[in-house]
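Have a look at the structure below, then the notes.
The values are calculated or read from the model by the stated rules, or taken from the named source; none is laboratory data. Given the structure is predicted, the values throughout are model-derived calculations rather than measurements. Counting neighbours? That spans all protein chains shown, and the Cβs are built from the backbone with ideal geometry, glycine included. We work out accessible area using only protein heavy atoms, side chains counted, and drop any ligands, DNA or RNA first. Shrake-Rupley method; radii C 1.70, N 1.55, O 1.52, S 1.80 Å.
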Amino acid sequence: MSQFIIGLTGGIGSGKSTVADLFAAQGIDIIDADIIAREVVAVGSEGLAEIVEHFSVEVLLDNGELNRTALREKIFNNPDQRLWLNQCLHPKIRQRMLDLVKKSSSVYTLLVVPLLFENGLDSLVNRTLVVDITEEQQIKRTTSRDHSNTEIVKNIINSQMSRDDRLSKADDVISNQGEKDDLEQAVIALHRKYLTLSDKS
Ligand code: ADP
């Protein structure tokens, strides 16, 4: 059981998944908050049942899955409903993260959380690691990955913590401004550091 937890974060398109894959290649267990956020509202989950009870079956698709668009519309411009939804889901996400950390068997565990600082989930981790790129690179890489337009990506960037604020909160920073191939050496160096730190914890 590994209890030393690294929280990996960064803005959209910064390279969190790319960096996480490189840690996984070093044998480190990865816990992905995006996957957990989907699991807690999966068909048959307590989360989905509570959402339907609160918002009605209007937020369900015909196949019984959550209709994300319908749910987004319910909370759009409605801070009370947004708050209700966050208060419903956040404890479930947090608990599932902790359960998975307990099950992790690698020397330390990497928790990948896009909104680590925004949602206060840095309180769950021993150290934070921020993947850093410029806003121009974020826009370029995200639009080409998602085939989305610049405006959509800019809106997402603006809804997230600013680059400076994120960097000021980071214990460690990995720059992804160069080539993908440059990342591996940086990850290996951090991996060595985390092995030492987890040994002492
Ligand atoms: P995140 O998980 O933070 O949203 P990704 O790891 O998906 O970011 O990276 C965003 C996109 O940029 C992906 O298509 C990825 O393959 C690409 N990418 C990652 N690092 C680099 C790099 N150093 N140079 C060019 N493209 C990169």
Single residue of the stretch 124-149 satisfying the filter (at pLDDT below 95 and away from the ligand (no atom under 14 Å from the Cβ)) that is most open to solvent (accessible area, probe 1.4 Å): 149
task: Would you mind stating whether residue 98 is surrounded by fewer than 18 Cβ atoms within 10 Å (Cβ to Cβ), farther than 30 Å from residue 184 by Cα and of a type in the set (A, V, I, L, M)?
output: no
- request: Give the residues of the stretch 78-93 that are out of contact with any helix residue (DSSP H, G or I) (no Cβ under 7 Å at 6 or more places or on another chain) and either surrounded by 15 or more Cβ atoms within 10 Å (Cβ to Cβ) or part of a helix (DSSP H, G or I) (or both), sorted by residue number.
  value: 79, 80, 83, 86, 87, 90, 91
Among the candidates 125, 101, 173, 131, residue that is touching a helix residue (DSSP H, G or I) at 6+ places or on another chain (Cβ under 6 Å), in contact (Cβ under 8 Å) with a residue 12 or more places away in the chain and of a type outside the set (Asp, Glu): 131
task: Might you check whether a residue that is of a type outside the set (Phe, Trp, Tyr), near the ligand (Cβ under 8 Å from one of its atoms) and in contact with a Gly (Cβ under 7 Å, 6 or more places away or on another chain) occurs anywhere in the stretch 4-14?
output: no
field: Failed item in (1) at pLDDT 95 or above; (2) more than 17 Å from the chain's Cα centre (by Cα); (3) within 8 Å of the ligand (Cβ to nearest atom), with residue 164 passing the rest
entry: (3)
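Say whether the condition of being open to solvent by 60 Å² or more (accessible area, probe 1.4 Å), within 16 Å of the ligand (Cβ to nearest atom) and over 22 Å from residue 106 (Cα atoms) is met by at least one residue in the stretch 34-46.
Start the filter on the stretch 34-46 by keeping residues that are open to solvent by 60 Å² or more (accessible area, probe 1.4 Å), which leaves 34-35, 38-39, 43-44, 46.
Those still in the list that are within 16 Å of the ligand (Cβ to nearest atom) too: 34-35, 38.
Subset that is over 22 Å from residue 106 (Cα atoms): 38.
Within the stretch 34-46, one or more residues are open to solvent by 60 Å² or more (accessible area, probe 1.4 Å), within 16 Å of the ligand (Cβ to nearest atom) and over 22 Å from residue 106 (Cα atoms).
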message: Restricting to the stretch 152-194, give me the number of residues that are of a type in the set (Phe, Trp, Tyr) and under 15 Å from residue 136 (Cα atoms).
response: 0
- prompt: Are any residues in the stretch 15-27 away from the ligand (no atom under 16 Å from the Cβ) and buried (at least 17 other Cβ atoms within 10 Å of the Cβ), and if so, which ones?
  reply: 26
query: How many residues are open to solvent by less than 60 Å² (accessible area, probe 1.4 Å) and within 12 Å of the ligand (Cβ to nearest atom) when one looks only at the stretch 167-186?
result: 5
